[in-house]
1. Under 1.5 on a/c is rounded, so check that first for segment 40-194, then, if it is not, pick prolate when a/b is larger than b/c and oblate when it is not; a ≥ b ≥ c are the square roots of the alpha carbon gyration tensor eigenvalues.
2. If neighbour count is taken as other Cβ atoms inside 10 Å, put 177, 117 in order from fewest to most.
3. Explain nothing, just the number: relative contact order of segment 27-185, from Cα pairs under 8 Å at least 6 residues apart, as a whole percent.
4. Given the Cα atoms of segment 61-143, and with Rh set as the inverse mean 1/r over their pairs in the Kirkwood sense, what is Rg to Rh to two decimals?
5. Within 10 Å of each residue's Cβ, count the other Cβ atoms and sort 79, 143, 64 from fewest upward.
6. Find the relative contact order for segment 103-190 and round it to a whole percent, using C-alpha pairs within less than 8 Å whose residues are 6+ positions apart.
7. Cα centroids of segment 141-194 and segment 36-78: how far apart, whole angstrom?
8. Please determine, in degrees from 0 to 90 and to the nearest 10, the orientation of helix 110-120 with respect to the longest principal axis defined by the Cα atoms of the chain, where the helix direction is its Cα long axis.
């Protein structure tokens, strides 16, 4: 991934320091793992899938090194090289789940992205996302490839606007760093019923 770097000597509006975590028992992976039941994808898996059986999707091919943020210098373990907003290799409703960790904030069109994640998920399946918590600090300064910022409330509103999904859970995962939002795909109403 390439993108602009903050100007030399630039100071974030609200400094944000990545927390120290145990990579083997990463709290974000542990928070997402219960949703990885059946067949599904880990969008933006980078150098660490949420669970080994997830299909890893990343813009970086397997073996490529990340350039920014916490993935700088880390080697991608993706099974499929693709942008997470174009999962054309999966049919409508083919997957039981879509999980993503620090990925949604990288897309220019987050509505398109969420619609794509909902499209590939079966009715009753889940879309579970962990994103940086903008309430904690300046997340765009931390990684210049971030295009959007979220709070739990703003992400819940976005999911509601997209349609086809309903939020079933929202909680802080790593204090002063990230939160989880889980949405379930709702079954379409049968035609002719009102």
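Read-outs throughout are calculated quantities, based only on the coordinates presented, and are distinct from any laboratory measurement. Bear in mind the structure is a predicted one, so any value in this text is a computation, not a measurement. Cβ sites come from the backbone with ideal geometry, for glycine too, and all protein chains shown count toward neighbours.
1. oblate
2. 177, 117
3. About 20 percent, as a whole number.
4. My calculation of the ratio gives 0.99.
5. Ordered by Cβ neighbours within 10 Å, fewest first: 79, 64, 143.
6. Worked out over segment 103-190, it gives 35 percent.
7. 21 Å
8. Result, in degrees: 50.
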